[in-house]
1. In the stretch 93-119, what residues are among the basic types (Lys, Arg) and touching a residue at least 12 places away in the same chain (Cβ under 8 Å)?
2. Check the stretch 68-81 and report whether any residue there is in a helix (DSSP H, G or I), open to solvent by 40 Å² or more (accessible area, probe 1.4 Å), over 19 Å from residue 111 (Cβ atoms) and modelled with pLDDT of 95 or more.
3. Is it the case that residue 89 is touching a Ser or Thr at 6+ places or on another chain (Cβ under 7 Å) and on the phi < 0 side of the Ramachandran plot?
4. Which one of these does residue 59 not meet: (1) at pLDDT 70 or above; (2) touching a helix residue (DSSP H, G or I) at 6+ places or on another chain (Cβ under 9 Å); (3) open to solvent by less than 50 Å² (accessible area, probe 1.4 Å)?
5. So in the stretch 82-101, with the set limited to residues that are among the basic types (Lys, Arg) and under 22 Å from residue 112 (Cβ atoms), which one is least open to solvent (accessible area, probe 1.4 Å)?
Amino acid sequence: MTKAPFSVEWLSQSSQALKTPAEGSPHRASPSGAAQAVPEEGPECPGPEEPCGRGGRRLRTAFSAEQISTLESSFQRQQYLGAGERRQLAGRMRLSEVQIKTWFQNRRMKLKRQLQELR
């Protein structure tokens, strides 16, 4: 018999990470409506750009209205960016290529959900 790739302990820790915003998300909305990351306190959390502790994740990026406008207009022209286009857009917007790539992935999923709701 082979051992499962995860344990019950891991599952309980994972379910804690899946809390809804009302249950204690480390993010809050700013007066402008954009989500801003709230850094966690603790000695192993060096700053908002560094992941906290072992296996930590980056904090959520709060895009400005101008950045969202630029991203949306790029998305209207084409839903998939090549590496060169992504590099140019990231440089122009002062964001990382990974942030651009992730935004486009999320935007395509949003479009897919919207189209499914219309059916």
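The values are calculated or read from the model by the stated rules, or taken from the named source; none is laboratory data. Since this is a predicted model, take the numbers as computed values, not measurements. Reconstructed Cβ throughout: ideal geometry from the backbone, glycine too, with neighbour counts over all protein chains shown. The area values use the complete protein model at the heavy-atom level, side chains included, leaving out ligands, DNA and RNA. Shrake-Rupley method; radii C 1.70, N 1.55, O 1.52, S 1.80 Å.
1. 101, 107, 108
2. no
3. Answer is yes for this residue.
4. (2)
5. Top of the filtered list is 86.
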